[in-house]
Amino acid sequence: EVYRLAREKVDAQERDEAASRSREASPPSAPRDTTTARAAAERELSESLRKVRAAQAAQAQREQSLQLQQRIEQAQAQHRAQQQAQAQAQQRQAQAQAQQQAQ
């Protein structure tokens, strides 16, 4: 009797293990396939959206950098023009002084 009960217990464990292996080896059911596929698609969409946003941010950064560079170049050109005008004014003043001293 003890032997028979032990044998039934071992048989039940073997059946449970075989069923577990069968579930792991078999493809998931259709609803699970749909859920898994949907989750994968959502992850892919999320990753694509993240990449698009990163590209947009990089483009905005490039545009902002370009605008800043243009403003720097404009300020430098304006500074050069002011220096040139100041140098010309000083030169005219020196010429005028020289003419007055010559008279």
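The values are calculated or read from the model by the stated rules, or taken from the named source; none is laboratory data. Predicted model only: the values in this text are computed from it and were never measured. We place every Cβ from the backbone using ideal geometry, glycine too, and count neighbours over all the protein chains shown. Side chains included, ligands, DNA and RNA excluded: accessible areas come from the protein's heavy atoms. Shrake-Rupley method; radii C 1.70, N 1.55, O 1.52, S 1.80 Å.
Quick one: angle between helix 2-25 and the longest Cα principal axis of the chain, in degrees between 0 and 90, rounded to 10, please.
So the helix axis and the longest Cα principal axis differ by about 30 degrees.
Rounded to the nearest 10 degrees, what's the angle between the helix 30-102 long axis and the longest principal axis of the chain, both from Cα atoms, 0 to 90?
10
Across the chain, how large is the tail of the calculated P(r) beyond 21 Å, expressed as a percent of all Cα pairs? Intermediate values should be presented prior to the final figure.
Details: 3945 of 5253 pairs.
In whole percent, the long-distance tail amounts to 75.
Round to the nearest 0.05 the FRET efficiency obtained for Q69 and A102 when R0 = 35 Å and r is the Cβ-Cβ distance.
Rounded to the nearest 0.05, the efficiency is 0.10.
Would you mind telling me the share, in percent, of accessible area of the chain contributed by carbon and sulfur at probe 1.4 angstrom? Mind showing how you got there, number by number?
Numbers: 4900 of 9660 Å².
C and S atoms contribute 51 percent here.
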